[in-house]
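Report on the following structure.
Values quoted throughout were computed directly from the atomic coordinates according to the rules given, and no laboratory measurement underlies them. Everything numeric here is computed off the predicted structure, so don't read it as measured data. Cβ placement follows ideal geometry from the backbone for every residue including glycine, while neighbour counts extend to all protein chains displayed.
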Ligand code: R5P
């Protein structure tokens, strides 16, 4: 593998333990001002020091992250549809490779919609992006986006992840599911998981723990961190599972109970 590409990847997935915590704040690219991400700068700032990498669009990067910050940037370069549009899968590449280089991106992120109306278009986008990324030593993260009608099971997610890897993605993001180890085994590049919709903290930590146990190389997590009432504690707890091998109980007690809030109260508080 090319030196530059390997160097960029090593900022995202730690080469010592093969794990990484990516903080996802790209949701506005199709959702607009999502709850608790209305002001991205305010959301990102306290969390940044705990993230191995930050996933976002160029617009939010330019306006909401200081250029002096040394966090590796995973630049989302696909989009073009909104939740109000015809079909979310109708995506195109929205940012040029020159712009990604100017922004010092460590990785390019693009969604693919396997099984959707625009499957061909999004797979074609991925292939072209890999060609461009490889030319300049920039790895590509394929985001296996799931349409409403798709089952998030190991057969479907395994298919989407494998196709992404076959087309040249260097890293794949998917969802945790039953028999997740089969998804990982069938995918020759590292697989990281999205957090998905906000869950009670302990459930999200459990999801993280199970994914790591079953072979994930880390998380690309958003809402379960910054929609928490205690986002800093949450990202630290996630980190402790991904990098330090803590159990769910250990992680939860280390970060959520340190202020002396009884854990049963905390769980109730966070499920509302
Ligand atoms: C979709 O909006 C993005 O690819 C997110 O970055 C991804 O879904 C991870 O965010 P979350 O953990 O909130 O699902």
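In degrees from 0 to 90, rounded to the nearest 10, what is the angle of the helix 3-12 Cα long axis to the longest principal axis of the chain?
30
Would you calculate the convex hull of the Cα atoms in the chain and tell me its volume per residue in Å³?
123
For the Cα atoms of the chain, what angle does the longest principal axis make with the long axis of helix 154-166, in degrees from 0 to 90, nearest 10?
The two axes meet at around 50 degrees.
How much length would be gained if the chain were fully extended between residue 101 and residue 155, taking 0.36 nm per residue of separation minus their Cα-Cα distance, in nm to one decimal?
Stretched out fully, the residue 101 to residue 155 stretch lengthens by 15.9 nm.
For the stretch 63-202, what does the alpha-carbon gyration tensor say about shape, rounded, prolate or oblate, given a ≥ b ≥ c as the root eigenvalues, a/c under 1.5 as rounded, and a/b over b/c as prolate? Mind showing how you got there, number by number?
Working: a/c = 1.41, a/b = 1.36, b/c = 1.04.
Here the stretch 63-202 falls in the rounded category.
Please arrange 207, 48 by counting, for each residue, the other beta carbons lying within 10 Å of its beta carbon, fewest first.
The fewest-first ordering by Cβ neighbours comes to 48, 207.
In percent, how large is the relative contact order of the chain, given Cα pairs closer than 8 Å and 6 or more residues apart?
The normalised contact order for the chain reaches 16 percent.
For helix 201-213, report the angle its Cα long axis makes with the longest principal axis of the Cα atoms of the chain; keep it between 0 and 90° and round to the nearest 10°.
Tilt relative to the chain: about 50 degrees.
Can you show me the helix-derived [θ] at 222 nm for the chain, built from DSSP H runs with n ≥ 4 at -39,500 (n - 2.57) apiece and divided by the number of residues, rounded to the nearest 500.
For the chain, the value works out to -12500 deg cm²/dmol.
Quick check on the exposure proxy: order 60, 183 from fewest to most C-beta atoms within 10 angstrom. Each step should come with its number before you reach the end.
Working: 60 21, 183 30.
Fewest-to-most ranking of 60, 183: 60, 183.
Taking only Cα atoms and a 10 Å spring cutoff, compute GNM fluctuations for the chain and point out the largest among 17, 210, 124.
Maximum fluctuation in the GNM of the chain, among the listed residues, is at 17.
Just check the stretch 1-129 against the gyration tensor rule for me: Cα atoms, a ≥ b ≥ c as the square roots of the eigenvalues, rounded for a/c under 1.5, and otherwise prolate or oblate depending on whether a/b exceeds b/c.
It is oblate, given that a/c is not under 1.5 and a/b is not larger than b/c.
Cut-off is 10 Å between beta-carbons; in what order do 177, 64 appear when sorted fewest neighbours first?
64, 177
With only alpha-carbon pairs counted, each pair once and no self-pairs, how large is the Kirkwood hydrodynamic radius of the stretch 119-241 in angstroms? It would help to have the intermediate numbers written out before the result.
Values: mean 1/r = 0.0665 Å⁻¹.
15.0 Å is the Kirkwood radius here.
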